[in-house]
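What follows is a short report on a single structure.
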Amino acid sequence: MKVRRKIMVLIYPFMMKILKLTGIRMRILKNENNILPPVSFYSLKAVLNNGEEISFEQFKNRKILIVNLASECAFTPQYSALENLFQSGQSLIILGFPSNDFGKQEPGNDKEIIHFCREKYGVTFPVFQKNSVSGKSRQTVYQWLTDKNKNGWNEEEPQWNFYKYLVDEQGKLAGVFSSAVPPEAIPV
């Protein structure tokens, strides 16, 4: 597995250049009509990797970027950019949700996942318990993100690891960004 991760880190810059040049998989959806969510984002709760449940009420008046994570994906090097955004002082919160939904690329348990995130990429942003982000059994936060009856407009589920959802300071889902859109290209 370590060899596979090293190869992914090496090919990531080239892969991102090709995706940027071709526009392949560079999907961006925006809340163009500034639609308010029928269900408050701040009513959500989730369980951190350490077992602590947190209320999203604590994120009021902050921009939040929600990302489904995987440690053995070609997009795994985005951990660095996510951590840089989190540390940038822009009042942006990054919330990471590990998932093994796509290609079995997150085989680790919660303890292994957080160890990898911290050791390899110095991650300090909140990482939640490993859970599903797509399909019928998707985690509660992802139910809100992908159900227009809850968020007001979007039904796009993650198509792969490192799909990103931006929630604005008022708790509105502002945009959805595919895996190929690098974190630093998201307008925060």
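Annotations
- Test: Glu83 is of a type outside the set (A, V, I, L, M, F, W, C), assigned to a helix (DSSP H, G or I) and within 19 Å of Ala180 (Cα to Cα): yes
- Matching residues, the range 1-57, being at pLDDT 95 or above, of a type in the set (A, V, I, L, M, F, W, C) and outside any helix (DSSP H, G or I): Ile35, Leu36, Val39, Leu44, Ala46, Val47, Leu48, Ile54
- Qualifying residue in the range 110-124 (condition: within 25 Å of Asp147 (Cβ to Cβ) and touching a residue at least 40 places away in the same chain (Cβ under 8 Å)): no
- Every residue from the range 143-171 that is buried (at least 23 other Cβ atoms within 10 Å of the Cβ), in contact with an Asp or Glu (Cβ under 8 Å, 6 or more places away or on another chain) and within 11 Å of Leu36 (Cα to Cα): none
- Close pairs from the range 130-154: first in contact (Cβ under 8 Å) with a residue 12 or more places away in the chain and farther than 21 Å from Glu53 by Cα, partner assigned to a helix (DSSP H, G or I) and charged (D, E, K, R), Cβ under 9 Å, at least 6 apart: Asn154/Lys148
- Checked against the criterion of being of a type in the set (A, V, I, L, M), surrounded by 15 or more Cβ atoms within 10 Å (Cβ to Cβ) and touching a strand residue (DSSP E or B) at 6+ places or on another chain (Cβ under 6 Å), the range 116-126 has no qualifying residue.
- Out of Pro126, Pro98, sole residue that is more than 17 Å from Val188 (Cα to Cα) and touching a Ser or Thr at 6+ places or on another chain (Cβ under 9 Å): Pro98
- Taking the range 110-160 as the range and being among the aliphatic types (A, V, I, L, M), in a helix (DSSP H, G or I) and over 22 Å from Ser43 (Cβ atoms) as the test, the residues that pass are Ile113, Ile114.
The values are calculated or read from the model by the stated rules, or taken from the named source; none is laboratory data. The shown structure was predicted, so the numbers you read here are calculated from the model rather than taken from an experiment. Glycine also receives a Cβ, built like all others from the backbone with ideal geometry; neighbour counts cover every protein chain displayed.
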